[in-house]
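Chemist: I am attaching a structure below and will ask some questions about it afterwards.
The values are calculated or read from the model by the stated rules, or taken from the named source; none is laboratory data. Computed from a predicted model, the values in this text were never measured in an experiment. Don't worry about glycine lacking a Cβ; one is built from the backbone with ideal geometry, like all the others, and counts go over all protein chains shown.
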Amino acid sequence: MNITAAVATEKGKPLTLETLTLDEPRENEVLVKIVAAGICRTDVDVIDQFLPVPMPIVLGHEGAGIVEKVGSKVTKVKPGDHVILSVGSCGECEMCRKALTPYCFTHMPRNFGGSRLDGSVSLHDSYGKEVHSHFFSQSSHATHCVADQSSVIKVPQEADLKYLAPFGCGIMTGSGAILNTLRPEAGTSIVIFGTGAVGLSALMAAKIAGCSMIIAVDINEGRLELAREMGATHTINVSKESPVEMIKDLTDGRGAHYSFESSGVKKVMHTAMEVIREKGICIITGLLPQGTDIEVDSFGLVRGRTMMGSVMGDCNPDVFLPRLVQFFLDGKFPVDKMMSFYPLAEVNKAIEDGLHGDTIKAVLTM
């Protein structure tokens, strides 16, 4: 079938809208009519080749849509089901058996290889040339995609799919890092560094978890205002105030129980470690270039402080995403407040608006 897709053709270049041919789904695949798809920093990192994925490629790894056709061995969904698309996994390795899907032993080739594991692609251009596909087992910046069934999660039909699209990566990353990785006790304190989509998702999850002090830290006053609306008890604008001093003051000099860092800035990672108390935990989700060292005070470590990472919220999407969707339907997780919507034809504007801070979470509609 013919589809319309946004194609990344060269490093650092705007995406082009092209008509491509999409193959029929194989036995373990699902054909999905895409309703909406988020734009994530990871998509931009591929365009800039910070993450060296082969080109040309159709990106998009936060898709949501309606199942149109399934392969002969697909058991999770059927035609007509509403679905979120997330990360692909093998379902058989040690990490998958522990429900740590993002740590699947096949994670990198399966999700960043630009093809199925056997090297084949599902997309071709008008000249019959291959276009790389299966980004995060989906490639959802298109009107349709063929997704591996491991990345497909059924959701209730009463939930508006345009709001659910970003759940599959960025929103899951922030909220999962809190609810799955940190699991803060009710009544504890947490500092959220960065109030983009990942940080605000973490903030809302901290509120769900019962944290009594939620401190949001950013340089953008508009985002801090939204953070207060979403549940932050305190906000710190680092262009005006010292976060370390203020957090110590707010916590009687002890520091917070937890901190969460999503900015991907080395200095901020250091600060996130500085503001936690003894036996506190700092969790890092922001990405620095591979091989980058982070300086940590050794005395702080000896005194029981912990720094740890989290990939995609340590989630099993099949279990966690329906739970997250229910929070949204119950009004406890108002992610719609941070979304802006763009037609597929305006994909490059959506990317630029996100990079310039004019939107928090850009979502493409088909």
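Chemist: Can you confirm whether Phe327 is assigned to a loop (DSSP other than H, G, I, E, B) and surrounded by 14 or more Cβ atoms within 10 Å (Cβ to Cβ)? Don't jump to the end; show me each part of the working.
Modeler: Details: assigned to a loop (DSSP other than H, G, I, E, B): no; surrounded by 14 or more Cβ atoms within 10 Å (Cβ to Cβ): yes.
So Phe327 does not fit the description; no.
Chemist: Okay, next question. Going by what's in this entry, would Thr188 be described as in contact (Cβ under 8 Å) with a residue 40 or more places away in the chain and β-branched (Val, Ile, Thr)?
Modeler: When the stated conditions are applied, Thr188 passes them.
Chemist: In region 317-329, is there at least one residue being charged (D, E, K, R) and closer than 21 Å to Thr195 by Cα?
Modeler: The answer is no, given that none of the residues of region 317-329 is charged (D, E, K, R) and closer than 21 Å to Thr195 by Cα.
Chemist: I'd like the full set of residues that are under 19 Å from Gly331 (Cβ atoms), buried (at least 24 other Cβ atoms within 10 Å of the Cβ) and not β-branched (Val, Ile, Thr), limited to region 173-196.
Modeler: We begin by selecting, within region 173-196, every residue under 19 Å from Gly331 (Cβ atoms); these are 174-175, 178-179.
Filter once more, so that each one left must be buried (at least 24 other Cβ atoms within 10 Å of the Cβ): 174-175, 178.
Selection gives Gly174, Ser175.
Chemist: Hey, can you tell me all the residues within region 339-357 that are part of a helix (DSSP H, G or I) and over 19 Å from Thr143 (Cα atoms)?
Modeler: Those that are part of a helix (DSSP H, G or I) and over 19 Å from Thr143 (Cα atoms): Glu352, Asp353, Gly354, Leu355.
Chemist: Against the definition (of a type in the set (Gly, Ala, Ser) and in contact with a Phe, Trp or Tyr (Cβ under 7 Å, 6 or more places away or on another chain)), how does Gly280 come out, yes or no? Break it down into steps so the answer makes sense when it comes.
Modeler: Numbers: of a type in the set (Gly, Ala, Ser): yes; in contact with a Phe, Trp or Tyr (Cβ under 7 Å, 6 or more places away or on another chain): yes.
Yes.
Chemist: Could you list all residues from region 74-96 that are surrounded by fewer than 18 Cβ atoms within 10 Å (Cβ to Cβ) and either under 22 Å from the mean Cα position of the chain (by Cα) or of a type in the set (S, T, N, Q) (or both)?
Modeler: Across region 74-96, the qualifying residues are Thr75, Cys90, Gly91, Met95.
Chemist: Right, another one. Do we find that His124 is under 19 Å from Thr21 (Cβ atoms), at pLDDT 95 or above, surrounded by fewer than 18 Cβ atoms within 10 Å (Cβ to Cβ) and not assigned by TED's automatic domain parsing to the domain that holds Pro289 in this structure?
Modeler: yes
Chemist: Then there's this: Taking Asp314, is it in contact (Cβ under 8 Å) with a residue 60 or more places away in the chain and surrounded by 21 or more Cβ atoms within 10 Å (Cβ to Cβ)?
Modeler: Against the criterion (in contact (Cβ under 8 Å) with a residue 60 or more places away in the chain and surrounded by 21 or more Cβ atoms within 10 Å (Cβ to Cβ)), Asp314 qualifies.
Chemist: Taking region 79-105, which residues are without any contact (Cβ under 8 Å) to a residue 24 or more places away in the chain and part of a loop (DSSP other than H, G, I, E, B)? Walk me through it before giving the result.
Modeler: Just the residues of region 79-105 that are without any contact (Cβ under 8 Å) to a residue 24 or more places away in the chain, to begin with: 79-80, 92-98, 104-105.
Selection gives Pro79, Gly80, Glu92, Cys93, Lys98, Cys104, Phe105.
Chemist: Now a separate question. Just a yes or no: is a residue in region 229-251 of a type in the set (Val, Ile, Thr), at pLDDT 95 or above, closer than 22 Å to Asp353 by Cα and surrounded by 20 or more Cβ atoms within 10 Å (Cβ to Cβ)?
Modeler: Checking region 229-251: not a single residue is of a type in the set (Val, Ile, Thr), at pLDDT 95 or above, closer than 22 Å to Asp353 by Cα and surrounded by 20 or more Cβ atoms within 10 Å (Cβ to Cβ).
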